[in-house]
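Step one of this worksheet: look at the structure below.
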Amino acid sequence: MANSSILLDNDEKTEVPAAVRLAQQQGFLSMEKQPVVPVAKLFFSFDIVNSTVYKANTVNWPIIIKGLLDYIRRCVQREADLQGASLWRVIGDEMVFVYQIIDKRELYPAVDAIFRITQRVSLSIRTGKFFNTLEEQKLQKAEIEVLKSQEILSIKAAAWIAAISKEMKSPYDNIQTEYESDGSNIPIVEYLGRDIDTGFRLKAYTQRRRLIVSFELVCLIAEFLEKEAENLFYIIDYAKLKGVWNRALYPIIWYYKKETLKEANELSGTDEEILDFKDSFYYDEADGNELVERYIARQRRKDNQEIIASQMYKVRTMCKKICVDRNLKGKIEYLKNIMGGNVQIKNGDDRPAPLKLHCAVVCCDIENKKILICKRGNAKEENCGKWEFGCAKARGSQHLADTIKEYYSEKFGVDIELVLDESRDEKQPIPLAIYEVPIDAGATKKGIIFVAKVKNPQAIAQYRQNDEHSSIKWVKQEELEKIAEENAVTDFHNTANIVFEKWNDLFGKDD
């Protein structure tokens, strides 16, 4: 039946099954108006610095920028203190994440994690190690060496907090709205409000490797940490932000922690000297930067020549004074109250998780009866160092076969021809097997394994190793025995042997 829905005349009486009646009743109950509970959400963004200049230096800049954004996202996903953070939007060279806060004690570890990511990524770019994570085979080794030496790119970060609600119940609320997306049951989420605008205004006052934080965020953390806050938050200057506080002076506050910078150095494999904040500026950082120039000048002068009193550069004093002067005590208390932890369910994201389909392909050299295998690199969070076949991720906006071909061409430099079901008018790849990989909280990755012929098997000789896949090679069936079970992903040997057993069915008999 093309359409299962049935239209009934108004006069026609139908007996409604009991199960349907019960489902309808439960549906009506669930549709009853639920109380609107505001939540506190931490917003944080990462911007790529000097991307415009970079685009003039290499025609392959889209690969670099995309690779850097992917690297940042992986770093966020791996931070224990940011578990549940979701990507809100990507605008050009900028990524913005959202993280729901249940308890104010989560704020400090979360901000510290954002700082650690900022330092880790910045160090990785500066040392050139980031470029080893790029899988795209269009980038040749010689070009990567040039890109490493340029030291143009970096990242900067910002973090701010906002009370989020679906209705404006308080003057301190910011509104969350949802829009239907085309071709997907996943809605597009938008946040609107003063605090959202303030966060985006603040981003203009940070710079490479620095993390700027909002006034409210600092106040909440400073109250919890007390004296320790003076060694974490540094008031660089005061500025008038468009549309914020009626253009009254707003404190420009950067976060900096030596111990976390040391951790980032260790994670990046560097041994740079860890400096105090006042000594952490580049030798020419004040050149053309009025903010930094004023901060450094203020540190050197013994007499205060500022229009702002000297005590207003002490974090806790600043928080107390501005809360009174700007009438913000109520807002801070409101944020503290909605972080009580007794009425909220922490889910990180109100949207249902989208189905992700992974497509692995056993690539075959039919002339020499070999299959292509690749070793997962140290950038892989799961099964690091184990042999597999590679894996593309299906995209709703692209034909499945095209997505798979594009992936294996970009990542391994091979041109593949998938084994298709020729008996159907719509010729799609024939599945060899279906698999699932547990992730967490009962979730699993769903995957399908296909088979393909490689048209240019010699291309792997030009393969450039990277942190995603450290090596690739062709192997015959008898060579599989040399790979121990524990050194390969689940069902690796089983999958490979099935392909060899079905070789003639897949590619025809040898002449």
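Quick note: the coordinates plus some simple rules give every number you see, no bench work behind them. It should be emphasised that the depicted structure is a prediction, and the values quoted were computed from it without experimental measurement. For neighbour counting, all protein chains shown are included, and Cβ atoms are generated from backbone atoms with ideal geometry for every residue, glycine included.
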task = Calculate the spin-label point distance for S86 paired with K262, positioning each point 7 Å from the Cα along the beta-carbon direction, and give it in nanometres.
result = 3.8
query = Can you give the Rg to Rh ratio of region 39-337, both from alpha-carbon atoms, with Rh computed by the Kirkwood formula?
reply = 0.97
message = List the residues, sorted by chain then number, that are 5 or more residues from L357 or on another chain and whose placed amide H is less than 5 Å from its amide H.
response = A394
query = How large is ³J(HN,Hα), in whole Hz, for each residue of region 484-492 in order, when computed from phi with the Karplus curve 6.51 cos²θ - 1.76 cosθ + 1.60 and θ = phi - 60°, using x for Gly and Pro?
reply = 5, 4, 6, 9, 9, 5, 4, 6, 4
query = Looking at the P(r) of the chain, how many percent of alpha-carbon pairs lie beyond 39 Å?
reply = 40
key: In region 165-296, lysine pairs closer than 23 Å at Cα, eight or more apart or cross-chain   = 12
request  = Quick one: which residues, 5 or more positions from Q428 or on another chain, have an amide H under 5 Å from its amide H? H modelled 1.01 Å from N in the peptide plane, none for Pro or chain starts.
outcome  = D421
request  = On a 0 to 90° scale, report how tilted helix 61-78 is relative to the longest principal axis of the chain, with both axes built from alpha carbons and the result rounded to the nearest 10.
outcome  = 80
query = region 112-151 to region 472-487: how many Å between their Cα centroids?
reply = 32
key: Listed peptides 218-230, 55-67 by packing density, highest first (mean Cβ within 10 Å)   = 218-230, 55-67
ask   = What angle, in degrees between 0 and 90 and rounded to the nearest 10, separates the Cα long axis of helix 258-268 from the longest principal axis of the Cα atoms of the chain?
value = 20
key: Length gained when the stretch N337-Q311 is fully extended (0.36 nm per residue, less Cα-Cα span)   = 6.5 nm
query = Rounded to the nearest 0.05, what FRET efficiency do E481 and T270 have when you use their Cβ-Cβ distance and R0 = 35 Å?
reply = 0.30
remark   = Full extension between N383 and W61 adds, at 0.36 nm per residue less the Cα distance, a length in nm of 112.9 nm
Cα→Cβ-extended label distance, 7 Å offset, between K320 and H358, nm = 5.4
query = At what distance in nm do the modelled label points of K166 and H493 sit from each other, each positioned 7 Å from its Cα along Cα→Cβ?
reply = 5.2
ask   = Taking amide hydrogens as modeled 1.01 Å from N in the peptide plane, which residues meet the under 5 Å criterion relative to K166, leaving out close sequence neighbours?
value = Q176
request  = Could you tell me how many degrees, from 0 to 90 and to the nearest 10, lie between the Cα long axis of helix 315-325 and the main elongation axis, the longest principal axis, of the Cα atoms of the chain?
outcome  = 70
task = Could you pull out which residues in region 123-139 have an amide N less than 15 Å from a spot 7 Å beyond the Cα of E410, following the Cα-Cβ vector?
result = 133-139
query = So what are the ³J(HN,Hα) numbers for region 143-160, from phi and the Karplus equation (6.51, -1.76, 1.60; θ = phi - 60°), rounded to whole Hz, Gly and Pro as x?
reply = 5, 5, 4, 5, 4, 4, 6, 6, 6, 9, 6, 6, 9, 9, 9, 9, 9, 8
query = So what are the three principal axis dimensions of region 140-265 from its Cα atoms, in whole Å, longest to shortest?
reply = 56, 51, 28
task = Give the cross-link partners of K502 among the lysines, using a straight C-alpha distance below 17 Å as the criterion and excluding same-chain residues fewer than 8 apart.
result = K369, K370, K453, K476
query = What ranking, highest mean first, results for peptides 380-393, 250-263, 324-337 when packing means the other Cβ atoms within 10 Å averaged over each residue?
reply = 250-263, 380-393, 324-337
task = Kindly point out, ordered by number, any Cys in the chain whose beta-carbon has no other cysteine beta-carbon under 4.7 Å away.
result = C75, C323, C359, C363, C364, C374, C384, C391
task = With +1 on each Lys and Arg Cβ and -1 on each Asp and Glu Cβ, and nothing else charged, work out how big the dipole of the chain is about its Cα centre, in Debye to the nearest 20.
result = 1900
task = Provide the per-residue ³J(HN,Hα) series for region 452-468, in order, calculated from phi with Karplus coefficients 6.51, -1.76, 1.60 and θ = phi - 60°, each as a whole number of Hz, with x at glycine and proline positions.
result = 8, 9, 9, 7, 10, x, 6, 5, 5, 5, 9, 5, 9, 4, 8, 6, 7
task = Using 0.36 nm per residue of separation minus the Cα-Cα distance, give me the extension gain between L192 and R301 in nm, one decimal.
result = 35.0 nm
key: Spin-label proximity, F507 to region 444-480 - amide N less than 16 Å from point 7 Å beyond Cα toward beta carbon   = 450-460, 473-480
